[in-house]
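A short worksheet on the structure shown next.
The values are calculated or read from the model by the stated rules, or taken from the named source; none is laboratory data. Note that the structure is predicted; figures quoted are calculated from it, not measured. Ideal geometry is used to build each Cβ from the backbone, glycine not excepted, and the neighbour counts take in all protein chains shown. Note: accessible area is taken over every heavy atom of the protein model, side chains too, but ligands, DNA and RNA are not part of it. Shrake-Rupley method; radii C 1.70, N 1.55, O 1.52, S 1.80 Å.
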Amino acid sequence: MRPTLLMIALGSLGLAGCSSVGSGGAPPVAAAPPAAAAAGAPAQPAGPPIPTGVALGGVLGGPVGASLTDDDRQAAWQAQVAALDSGQKRSWRGSHGVFGFIEPGAATGDGCRAYSQTIYVSGRPNRGRGVGCKQPGGSWKMTS
């Protein structure tokens with residue numbers, strides 16, 4: 001019987017030591033980031049990347065859109081997609097003083113929708129038109 005009591009006592013002391021060493025009531029430490037993130041790899045964007053060049057459509061796909069910063073172009077693209085999805089006018093404001101709006105037209109039976117777009121750069125309006133078509137995966141492809 002004595003060996004059994006001795007084993008229980010030693011086991012209890014060992015477990016008690018594990019639960020108190022270094023805990024100090026602090027919350028557990030989060031796991032280390034994946035190797036790619038630790039190596040300085042860029043973070044992945046929250047959503048799909050925006051298209052570039054003429055694939056942006058309208059004024060955004062031309063020289064005016066090319067002159068915008070990536071952040072401003074992202075804001076304009078998100079407003080464009082939101083307008084096409086909802087069928088309602090959407091405005092946006094970039095972080096560098098540029099802003100604009102998108103006015104969608106009626107949806108057609110083939111999943112496409114015409115739109116007009118105005119982007120203000122240095123207070124001057126730049127107007128254009130385009131057509132966006134909803135893809136099977138839910139994204140929009142600008143056809144003009």
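List of remarks:
- Listed conditions (1) among the small types (G, A, S); (2) open to solvent by less than 70 Å² (accessible area, probe 1.4 Å); (3) touching a strand residue (DSSP E or B) at 6+ places or on another chain (Cβ under 8 Å) are all met by G123, apart from (3).
- Residue list for segment 102-136, restricted to those being over 16 Å from D85 (Cβ atoms) and of a type in the set (V, I, T): T118, I119, V121
- Taking the criterion of being farther than 21 Å from S67 by Cα and polar (S, T, N, Q), the residues of segment 81-136 that qualify are S86, Q88, T108, Q135.
- Evaluation of I50 against the conditions (1) surrounded by 12 or more Cβ atoms within 10 Å (Cβ to Cβ); (2) outside any helix (DSSP H, G or I); (3) at pLDDT 90 or above shows that the sole unmet condition is (3).
- Elements of type strands (runs of 3 or more DSSP E) contained in segment 53-131, each with 2 or more residues being of a type in the set (K, R): 90-93
Residue by residue, here is whether (1) open to solvent by 40 Å² or more (accessible area, probe 1.4 Å); (2) in contact with a Pro (Cβ under 8 Å, 6 or more places away or on another chain); (3) modelled with pLDDT of 90 or more holds:
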{"residue": "A41", "(1), (2), (3)": "yes, no, no"}
{"residue": "A66", "(1), (2), (3)": "yes, no, no"}
{"residue": "A79", "(1), (2), (3)": "no, no, yes"}
{"residue": "D85", "(1), (2), (3)": "yes, no, yes"}
{"residue": "R93", "(1), (2), (3)": "yes, no, yes"}
{"residue": "H96", "(1), (2), (3)": "yes, no, no"}
{"residue": "G100", "(1), (2), (3)": "no, no, yes"}
{"residue": "R113", "(1), (2), (3)": "no, yes, yes"}
{"residue": "G138", "(1), (2), (3)": "no, no, no"}
